[in-house]
Amino acid sequence: MIRRLSAGIVLLASISASAQPVETKIGYLHRVEPKAGLSLLQVPPENNGVAGAQVAINDNNTTGKFLNQHFSLEEVRIDESKDAAAAAAALAERGISLVIADLPADGLLAAADAGKSTNLLLFNAGAIDERLREEDCRANVIHTAPTRSMLADALAQYLVWKQWRRWLLIVGSHPADQLYGDALRRAAKRFGARLVQEKVFEDTGGARRTDSGVVQIQRQMSTFTQGAPAYDVVVAADESEAFALYLPYRTWDPRPVAGSAGLVPTSWDASHDQWGAVQLQERFSKQFARRMTARDMQAWTAVRMIGESASRTRSTEPKAMLDFLKGPDFTLAAFKGQRLTLRDWNLQLRQPILLSDGRMIVSVSPQEGFLHQVSELDTLGVDRPESKCRLK
Amino acid sequence: MWRGCLFGTGLCILLGAQASAFTAYVSNEKSNTISVIDTDKFAVVKTIKVGQRPRGIELTRDGKFILVAVGDDDTIQMIDTASLEVIATLPSGPDPELFIQDPAGKILYVANENDNTVTIIDMEQRVPVGAVQVGVEPEGMGLSPDGKILVNTSETTNMAHFIDTATRQIVANVLVDARPRFAEFKRDGSELWVSSEIGGTVSVIDPAKHAVIKKIAFEIPGLRKEAIQAVGIGITRDGKTGFVALGPANRIAVVDGTTHEVKKYLLVGQRVWHMAFTPDEKYLLTTNGVSNDVSVIDVTSLKVIKTIQVGELPWGVAISQQ
């Protein structure tokens, strides 16, 4: 009936299950840091991230039953970053070469380097540090977490689209805050926003919650933002959660807040319901009786990349997997309205970034009109020509 | 074809109904309504209120009922085509989206997105009579013309599952590109076309061999590949021409049914989802999700001849046989 087969088309034989499924163990290596958080709603759950990986394991196994593949997760928690190398080596000894990592940058690099000789393939589902995709990039680390510059660019595109071009930038005093501040400064310059003033909010320590409550805060934030030159929006860089959540409704001038509070760029939000996302949100909350976080999504995405690669290539060998994921045939559907692919120059996953107000998704970047010759997703973050990464 | 409407709207409808006009029913996902379109005048003549989030829509084989999946109400509503009122609901299982009837119109197969399940319903008794476990997020539903093979596509598993309708067992699984959304057989049963939304392709599958024999890709100058997302499919009865809705590319691709080459792209409304032919195959109606309208394509000249405003976020369309 079919007359001709086109050249180059892979003939997929029909797939039916037989005998014993092929088992693939995926490691999940993370360091759990206790975090107080200014808002009770934002205290990270105990199983933050790993829960997302678990849901993806189930998804992979539903698919796997048609392909005779089975996946399981082996969770390893470490207390100190310096233990990461040993933990990665221990996983390798047990024959686990695919590992989802939610580690601080130094720990991630230590694990990656320790696993080089054993063909370890790491999926960074936690660290957003630019340097991991730039000067410190590694050929055995794929990043599903977005970078600070991707987050900052996503926010900047929207603010510029809104014509909120005059920013009052407030940066926290911790190193991570400073790095986010750098990314926001870069984004402002790239997309034509102007910093009318920059302020540093010194974190003098102290408890996140007190019996005296917010009485002082409403005065403190008001005077802190008093006397600024005319501006459209406060942009706050506060990854340490010391002050940004105190800004909305308390600025001297009535202005919206964005960045670490107010309108927040993120890879996922519990309110995201477009493009079939409700299905994943419901699967997740059914299993874990809580909402799905960005960290959960980044881990889900990593495990789904492994599953997708395994079903396409019929292999879970790290080298074959990396080749497939870097190649032109890999696309992932992850409820973001378009395909996700890997930047082959630094192994960063291209992805739209959601802009959430904590209750709803306000918008999704890249914004209309920000064009790119390869992919509009590459308007977010450091692009190939500017990249310092040389994969080895 | 174009009837004069000199005597006011009421008379127009009457004239239309007496002639060869068909009736198209469009599900509006956001406004929870169905727009009823007279295909003679290509105008909305009535709007029916239905349940929450209506998407998949079909007419029963006898033409007596409209079936519409109202996903957020976890049911399929039956609407009497004479009175245009909801008269019953079917036990579809949770979050129904697309469904298909057997050739006799006695059995309904429903994809339950949230449950990794295809539910089988006896339409006369209006009771569920079985279920088949499939991949993650089942969506597209196709039935071989002889009714023997049901095909379901699962959006996160990325497969077309071939189900024997007699035994209700999966007999084959075929991997396709990311997020498969729709499955359509040629009338002679020789080919199955499966669209992949995120992959942006249509896989042409040999249903006997369970093998992908061709992947149809789409390239539109000036559009990024991410914007080209294949969704709804329509194939003419003679199998010679296929139409593929390309979602946010705002176009319908016209595909040669024999060579599988893309012949033409027709600009329709924004985010085009699904489509239906008039029974005489003179016209093809497409639902354009974001622009809240329906485009009418002249199948012979391959031109978009009219746009009809409907409700908010139109999704599916079904057209009566008379």
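General observations
- Amide proton proximity set for B:Ala211, modelled H, under 5 Å, gap of 5+: B:Asp206
- Just so you know, the Rg over Rh for segment A:149-266 is 0.96, from Cα atoms, with Rh as the Kirkwood radius.
- Taking the number of Cβ atoms within 10 Å of each Cβ as an exposure proxy, the fewest-first ranking of B:Met141, B:Met123 is B:Met123, B:Met141.
- DSSP bridge pairs, the protein assembly as shown: antiparallel proportion in percent, nearest 5: 75 percent
- Between A:Ile361 and A:Lys199, full extension at 0.36 nm per residue minus the direct alpha carbon distance yields a gain of 55.5 nm.
- Of A:Thr24, B:Thr167, A:Thr301, B:Thr236, the sequence from fewest to most neighbouring Cβ atoms within 10 angstrom is B:Thr167, B:Thr236, A:Thr24, A:Thr301.
- Note that the protein assembly as shown carries a Kirkwood radius of 27.1 Å, evaluated over its alpha carbons pair by pair.
- GNM top mover of B:Leu84, B:Leu98, B:Leu246 - chain B, alpha-carbon springs below 10 Å: B:Leu84
- Calculated FRET value between A:Glu135 and A:Lys82, using beta carbons and R₀ = 30 Å, to 0.05: 0.90
- Segment B:159-219: relative contact order in percent, alpha carbon pairs under 8 Å with at least 6 residues between: 24 percent
- Look at the alpha carbon pairs under 8 Å that are at least 6 residues apart: their mean separation over the length of chain A gives a relative contact order of 19 percent.
- Contact order normalised by residue count of segment A:149-266, Cα under 8 Å, 6+ apart, percent: 33 percent
- The A:Thr118 and B:Thr300 beta-carbon pair, evaluated with R₀ = 45 Å, returns a calculated FRET efficiency of approximately 0.10.
- Cβ crowding within 10 Å ranks A:Lys286, B:Lys225, B:Lys209 as A:Lys286, B:Lys209, B:Lys225, fewest other Cβ atoms first.
- Using the rule -39500 (n - 2.57) for each DSSP H run of four or more residues, divided by the residues of chain A, the 222 nm mean residue ellipticity is -9500 deg cm²/dmol.
Where a number appears in this text, it was derived from the coordinates with a stated rule and is not lab data. The structure displayed is predicted, hence computed values, not measured ones. FYI the Cβ positions are ideal-geometry reconstructions off the backbone, even for glycines, and counts take in every protein chain you see.
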